[in-house]
Amino acid sequence: MCGIVGIVGHSPVAPLLVEALKRLEYRGYDSAGIATVEHGELARRRAEGKLVNLQRKLDGEPLGGLIGIGHTRWATHGVPNETNAHPHFSDGVAIVHNGIIENFAELREELKKDGYSFTSQTDTEVVAHLVGRELAAGVPPVEAAHRALKRLEGAFALAIMFRGDEDLIVGARNGPPLAVGHGKGEMFLGSDAIALAPFTNSITYLEDGDWVVVRRNEFAIFDMEGNPVKRKRQQSLGTSFMVDKGNHRHFMEKEIHEQPEVIAHTLAHYLDFANGTSRPLDLPFDFAKLDRLTISACGTAYLAGLVSKYWFERLAKLPVDVDIASEFRYREVPLSTKSAAFFVSQSGETADTLASLRYCKAAGVPIGSIVNVRESTIARESDVTLPTLAGPEIGVASTKAFTCQLSVLASLAVRAAAARGAISSEEERAMVRSLSEAPRYAAQVLKLDGQIEKVARELAHYKHVLYLGRDTNYPLAMEGALKLKEISYIHAEGYAAGELKHGPIALIDEQMPVIVIAPHDRIFEKTVSNMQEVAARGGKIILITDTKGAARATVDTMETIVLPDMPEIIAPIVYALPIQLLAYYTAVFMGTDVDQPRNLAKSVTVE
Ligand code: G6P
């Protein structure tokens, strides 16, 4: 992953680079660094850990210069220490890189034979030396960069800067995103428009295989053969204000509490509440004519896709295949000519999801993407973008993006059901009415946070937790487990409740709480039987249910969290909130870094 930035400016550049990196920290926060050219000389500062460490270092040892590049790292090759932090130098050149150079081992051997020595364990340093070797042979900077780029295999977004030239950065993109920002007498490069938003809204996105020569007053984009290419310049929607936490302790807490509002915005985009219908969409396919829907995504977005399988199949009678994108992309899935494919992604940049999209596109399947970042690569490469209106999500653990993805997918399922004649207009109206109530129920559930905090205080004492659910509560159980493990580091598993007897039941003892998500739905009684099986083996149960379920569950629980009774279709959206709060408070009690948990990043642009 990693975030990169480059500025050819007219004021001291170091603070501007740090400002841009702050906005890119979601892409990784293992280490950070910047380099500038001042009086013709390259200089850098790098620091292990969060950006704040780099900032401290710069306070003590400032860097001058009007041109610079910066990097925030999510480690792939080499531990996250200062030596492996970017920018990497070779003689006369500084480089920042996002991605993985797949042929780095052979390039490294080749360069070693030529007498180059390596100070880091990174794949990036080979790029620095490749450019450095060309420079040493007398090749001018732009040509040196181009020659080096042609040697690279793998995924990269790069920014390259040269000793003795205070008006030149070369950028390149193959895989991870890179945007050129246009200023007045200054130019920028950045992993996304949000990073550049404090400086400019005028953006040109590079495409795969592009490289760019950026100077203060001009820029030129080329393909790998060196032919000039034209890319559209556009006004970015990226917001220039730095999103803050408001009165909340963490972004995650703020984002959990924003859900009633953003779910309402998202639903209103797809549903006409006044008429009780789903809004017409300009889709590149007709739901009525589809024989299959393929959904592919990663992480929490994948789990949103999995919930929607139940909706599309049950309501619209439309068979759905849901896949983890990293599996889908290599599985050589045969695709029906009468199918459509949906890709779900908060960032719109996840490498595996993007690769899956391209696989379907190559097979001629119409593509829809459910994304939160509307200018992202996935959005741009789709036939239709179906936005979630969650607003910027900063906490690495996805919360409001998830419930907004569910809101879009539920609306689409209703639309598909109506289009396929699987529901009557009366049923459509009832479903739209039910969905319109999701924000109100979500707000009510947030009021349970006192009780959930109490449960979390208890949960923080355990090392293992099992989440169980049936039907749409099964993917929700997996989401509950994912949230818990990613921010509290408690080992958690999410299982289909009916699958308990096929293995996980062996784990049950008083040391492993079992959280059961069981609203009083069509299969409530079955889940109660599974709870009995847990209770019979001394397992401690935390039950998340509704009023009816609480009255009918005939099992002793360690705690029962009672939500209001609500329509079945909105339950997955609303029940997401207690599991998010449970993970959040548990992590707070454990004292972990809630918004930036170890080893993770928000946007994953590597395989
Ligand atoms: C990372 C994030 C998750 C996210 C997943 C997919 O693992 O930490 O929160 O669900 O990537 O990201 P996407 O941007 O495609 O939704």
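The values are calculated or read from the model by the stated rules, or taken from the named source; none is laboratory data. A quick note: this is a predicted structure, and the numbers were derived from the prediction, not measured. All Cβ positions, even for glycine, are placed from backbone atoms using ideal geometry, and neighbour counts span all protein chains on display. Ligands, DNA and RNA are stripped out before the accessible areas are found, and what is left, the full protein with its side chains, is counted by its heavy atoms. Shrake-Rupley method; radii C 1.70, N 1.55, O 1.52, S 1.80 Å.
Enter the Cα centre distance for the pair region 285-315 and region 30-64, rounded to the nearest angstrom. After rounding, the separation between the Cα centres reads 46 Å. Normalising the average separation of contacting C-alpha pairs (under 8 angstrom, six or more residues apart) by the number of residues puts the relative contact order of region 245-436 at 30 percent. Stretched out straight at 0.36 nm per residue, the stretch from Arg56 to Ala551 would grow longer than its current Cα-Cα span by 172.5 nm. Close amide H contacts of Gly154 (hydrogens built in the peptide plane, cut-off under 5 Å, sequence separation of 5 or more or a different chain): Glu102.
Is region 339-407 best put as rounded, prolate or oblate by its Cα gyration tensor, with a ≥ b ≥ c the root eigenvalues, rounded for a/c under 1.5, and otherwise prolate when a/b is larger than b/c, oblate when not? It is prolate, given that a/c is not under 1.5 and a/b is the larger ratio. An ellipsoid equivalent to region 245-436, defined through the eigenvalues of its Cα gyration tensor, has semi-axes of 25, 23, 13 Å when rounded to whole angstrom and sorted largest first.
A simple charge model with +1 on the Cβ of Lys and Arg, -1 on the Cβ of Asp and Glu and nothing else charged puts the dipole of the chain at about 620 debye relative to its Cα centre.
Separation of region 324-372 from region 532-607 is 30 Å, based on Cα centroids. In the context of the full set of protein chains, region 416-473 has a per residue accessible area of 45 Å² (1.4 Å probe). Among the trypsin sites (Lys or Arg not before Pro) in region 119-196, those placed in a DSSP loop whose Cβ has at most 11 other Cβ atoms within 10 Å are Lys184.
Where does helix 104-113 land angle-wise versus the long Cα axis of the chain, in degrees 0 to 90, nearest 10? Relative to the chain, helix 104-113 is tipped by roughly 20 degrees. Rounded to the nearest Hz, the phi-derived 3J(HN,Hα) couplings of region 246-261 under the Karplus curve 6.51 cos²θ - 1.76 cosθ + 1.60 (θ = phi - 60°) are x, 8, 8, 6, 9, 4, 4, 4, 4, 5, 4, 6, 6, 4, x, 6, where x marks glycine and proline.
Legend: calculated FRET efficiency, Ala105 to Asp223, from the Cβ-Cβ distance at R0 = 22 Å, rounded to 0.05, equals 0.25. Taking label positions 7 Å along the Cα-Cβ direction at both Glu313 and Ser336, the computed distance is 1.4 nm, reported to one decimal. Measure nothing but the geometry: give the 0 to 90° angle between the long axis through the Cα atoms of 473-488 and the longest principal axis through the Cα atoms of the chain, rounded to 10°. For helix 473-488, the angle is close to 50 degrees.
Among the listed pairs Lys245/Lys548; Lys113/Lys232; Lys245/Lys485; Lys361/Lys526; Lys309/Lys483; Lys22/Lys361, give every one whose C-alpha distance is greater than 32 Å. Violating the 32 Å Cα-Cα cut-off are Lys245/Lys548; Lys113/Lys232; Lys361/Lys526; Lys22/Lys361. Classification of region 88-142 by its C-alpha gyration tensor yields an oblate form. The axis ratio a/c (a ≥ b ≥ c) is 1.5 or more, and b/c is at least a/b. By definition, a body whose alpha carbon gyration tensor gives a ≥ b ≥ c is rounded when a/c is under 1.5, and region 447-589 falls into this rounded group. On a 0 to 90° scale, report how tilted helix 524-536 is relative to the longest principal axis of the chain, with both axes built from alpha carbons and the result rounded to the nearest 10. Between helix and principal axis, roughly 80 degrees. When only Cα pairs below 8 angstrom with a gap of at least 6 residues are kept, the chain shows a relative contact order of 12 percent.
Tell me the mean residue ellipticity at 222 nm calculated for the chain from its helices only (DSSP H runs of n ≥ 4, each -39500 (n - 2.57), averaged over every residue, nearest 500). Provide the component values of the computation, followed by the final result.
Numbers: 20 runs with 220 residues, N = 607.
After summing the helix terms and dividing by the residues of the chain, the value is -11000 deg cm²/dmol.
Per atom type, the chain shows carbon and sulfur on 49% of its accessible surface, probed at 1.4 Å. Cα centroid separation, region 414-438 to region 84-128: 56 Å. The residues of region 3-240 have, on average, 37 Å² of accessible surface per residue, using a 1.4 Å probe with all protein chains present. On the beta carbon distance between Glu207 and Gln121, with R0 = 30 Å, the FRET formula returns roughly 0.45.
Given points 7 Å out from each Cα along the Cα-Cβ axis, report the Arg215 to Ile523 separation in nanometres with one decimal. Each label point lies 7 Å from its Cα, and together they span 6.6 nm. Taking GluC sites (Glu not before Pro) across region 143-248, the ones in a DSSP loop with at most 10 further Cβ atoms lying within 10 angstrom of their Cβ are Glu225.
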